[in-house]
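Undergrad: Got a structure here, written out as structure tokens. Questions coming.
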Amino acid sequence: MGFDLFGARRRALRAARRIPDTAPFVDVGVHRGADIKRFRQELLADGPELKITLQLLDAGFPPVRIDDSTTLRPGSLLLWYLWPGKPFEIGAFHHARGTFQGYYINLIRPPRMESPPWVIEDLYLDVWVPADGRGVLLDEEELRAAVERGELSAREAGEVRALGGRLLAATRRSRWLPAGVRCWPVEMVPALRLRRDAPGTFHAARISGRIIAYGLYVMGAASATSMGFAAFSDAFLVAGPAQQIWKVAILCEALLLAPFALSGRLPATRWPQPPLLDERSLFVATLASGLAVLGLNSRAEWSEVLLPVYGTLGLFSLIFAVSRCWFDREVPVFALAGVGMTLLALVFLL
């Protein structure tokens, strides 16, 4: 499920288990013939094309064996992806210790979600893709027994087997997961909650994070390129063709990285996380920097340092202001105040 850089994945998994008291829930009724089971799940995303819910198995959940090496136990975390109108749902299963166990593809009739509880009609056959193995079909005998009991017709059972075979074959491909599952793994539960509860802050954090990551990528690429030019040319000793080529190379790297970073296609920009800063923090930083400007006797000496600092703070404050206004339909007082203070400080410095 990805490299755990500096323990970020472990922290995200711990945060995923801390369900907020104000979180919205949805009741789900799973019908398997005459058997009906009801579950209460946190609703993380409720879009028209994809719905994502989180289920944390409580202490009263009876252990369920999936295969020879996988058992669902109390404390397991299940992330469910449901597409309205499609005859399957996908569950990403995680052990109570946080270990990823595998993907469970549940074959169903198109779900009924017009009003709670959601109704999921299970069609018995499932596809299980363990984390370290090949996908397999489950519960074929139960499907056969359902036909014998008259719960499914032979024709419908044949359609279910055909669909299960297609889904099983699809899991043998390297990139078989639907885009929604790839984009929103369990590590992104905190980001999903942020998008659900504060969409303006979510989008501001995503844009700001990508800009910061873009700057870091450009700095890294420029440093590597500069080391190469320093080792094999006189670009930094005398003005000449080598120095011009070095400048053009740096510019080309910046232009090449920009669309990939700003569209979220680079690793550090792909998944937005809850922000380290919000508009209040930016306002405090802008206020502190403004006091520093007023306290400096020789502002000309410090203007080269403070101008980019204030420009950056102003840019991020503007991003938060626009995002909050657009997505939250609220007036972000602190973000607008930060933009105003930035403009005044820039005028003072210039």
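Undergrad: Report the GluC sites (Glu not before Pro) located in region 93-157 that are in a DSSP loop and have at most 11 other Cβ atoms inside 10 Å of their Cβ, or state none.
TA: Sites meeting the loop and neighbour criteria: Glu114.
Undergrad: Just in region 30-106: which GluC sites (Glu not before Pro) are loop by DSSP and have at most 13 other Cβ atoms within 10 Å?
TA: Within region 30-106, the qualifying GluC sites (Glu not before Pro) (loop, at most 13 other Cβ atoms within 10 Å) are Glu49.
Undergrad: What dipole magnitude, in Debye to the nearest 20, does the chain give about its Cα centre under +1 on Lys/Arg Cβ and -1 on Asp/Glu Cβ?
TA: In total the dipole reaches around 240 debye.
Undergrad: Still on this structure, please answer the following. Using a Gaussian network model of the chain with C-alpha springs under 10 Å, which one of Leu77, Leu307, Leu237 is most mobile by mean-square fluctuation?
TA: Residue with maximal mean-square fluctuation among Leu77, Leu307, Leu237: Leu237.
Undergrad: Of the heavy-atom accessible surface of the chain (probe 1.4 angstrom), what whole percent is carbon and sulfur? Don't jump to the answer; show the numbers that get you there.
TA: On the way: 12100 of 19520 Å².
Ligands and nucleic acids excluded, carbon and sulfur reach 62 percent.
Undergrad: For every helix of n ≥ 4 consecutive DSSP H residues, a contribution of -39,500 (n - 2.57) applies; sum these over the chain, divide by its total residues, and give [θ] at 222 nm rounded to the nearest 500 deg cm²/dmol.
TA: Mean residue ellipticity, 222 nm, calculated: -15500 deg cm²/dmol.
Undergrad: Given contacts defined as C-alpha pairs under 8 Å and at least six residues apart, what's the relative contact order of the chain, whole-number percent?
TA: Rounded, it is 11 percent for the chain.
Undergrad: Find which of Phe327, Phe316, Leu82 sits farthest along the positive direction of the dipole of the chain, computed with +1 on the beta-carbon of Lys and Arg, -1 on that of Asp and Glu, about the Cα centre.
TA: Phe316
Undergrad: Let me check against my output: what whole-number percent is the relative contact order of region 36-193, with C-alpha pairs under 8 Å and at least 6 apart?
TA: That works out to 14 percent.
Undergrad: Hey, another quick one. Are there any helices in the chain, counted as whole DSSP H runs, that stretch 20 Å or more along their axis by Cα and score at least 0.0 on average by Kyte-Doolittle, and if so which?
TA: Membrane-span-like by this criterion, though nothing is claimed about a membrane: 154-170, 199-232, 241-262, 279-295, 299-323, 333-349.
Undergrad: Could you tell me which of Val129, Ala337, Thr171 has its Cα farthest along the dipole of the chain towards the positive end, charges placed at Cβ (Lys, Arg +1; Asp, Glu -1), taken about the Cα centre?
TA: Going by the charge dipole, the pick is Ala337.
Undergrad: Return one whole number: the accessible area per residue of region 102-258 in Å², for a 1.4 Å probe.
TA: 52
Undergrad: Here's a follow-up. Could you please put Val333, Val28 in sequence from largest to smallest accessible area, using a 1.4 Å probe?
TA: The ranking, largest first, comes out as Val333, Val28.
Undergrad: Which residue, Ala222, Ala131, Ala335, has the most motion in a Gaussian network model of the chain that connects Cα atoms within less than 10 Å?
TA: Of Ala222, Ala131, Ala335, the Gaussian network model singles out Ala222 as fluctuating most.
Undergrad: What shape does region 135-257 have by the C-alpha gyration tensor, where a ≥ b ≥ c are the square roots of the eigenvalues, rounded means a/c under 1.5, and otherwise prolate means a/b greater than b/c and oblate the rest?
TA: Note, shape of region 135-257 comes out prolate.
Undergrad: Mind grabbing the accessible area of Ile207 for me, 1.4 Å probe, Å², rounded to tens?
TA: 70
Undergrad: Pick from Asp126, Asp139, Asp68: which residue has the top mean-square fluctuation in a GNM of the chain where Cα pairs under 10 Å get a spring?
TA: Most flexible of the set in this elastic network: Asp68.
Undergrad: Please return the longest stretch of the chain lacking exposed loop sites, where trypsin sites (Lys or Arg not before Pro) count only if DSSP places them in a loop and at most 13 other Cβ atoms lie within 10 Å.
TA: That would be 176-264.
Undergrad: Just how large is the dipole of region 1-95 about the Cα centre, in debye to the nearest 20, putting +1 at every Lys and Arg Cβ and -1 at every Asp and Glu Cβ? Could you put the intermediate results ahead of the total?
TA: On the way: 14 positive and 11 negative charges, 55 e Å.
So the magnitude is around 260 debye.
Undergrad: Continuing with this model, one more query. Could you tell me whether the chain comes out rounded, prolate or oblate from its Cα gyration tensor? Rule is a ≥ b ≥ c as square roots of the eigenvalues, rounded for a/c under 1.5, then prolate if a/b exceeds b/c, otherwise oblate.
TA: Judged from the Cα gyration tensor, the chain comes out prolate (a/c at least 1.5, a/b above b/c).
The values are calculated or read from the model by the stated rules, or taken from the named source; none is laboratory data. Keep in mind that what you see is a predicted model, and the values were worked out from it rather than measured. Positions of Cβ are generated from backbone atoms using ideal geometry, with glycine treated the same way; all protein chains shown enter the neighbour counts. To get the accessible areas, we keep the full protein, side chains included, count just its heavy atoms, and leave off ligands, DNA and RNA. Shrake-Rupley method; radii C 1.70, N 1.55, O 1.52, S 1.80 Å.
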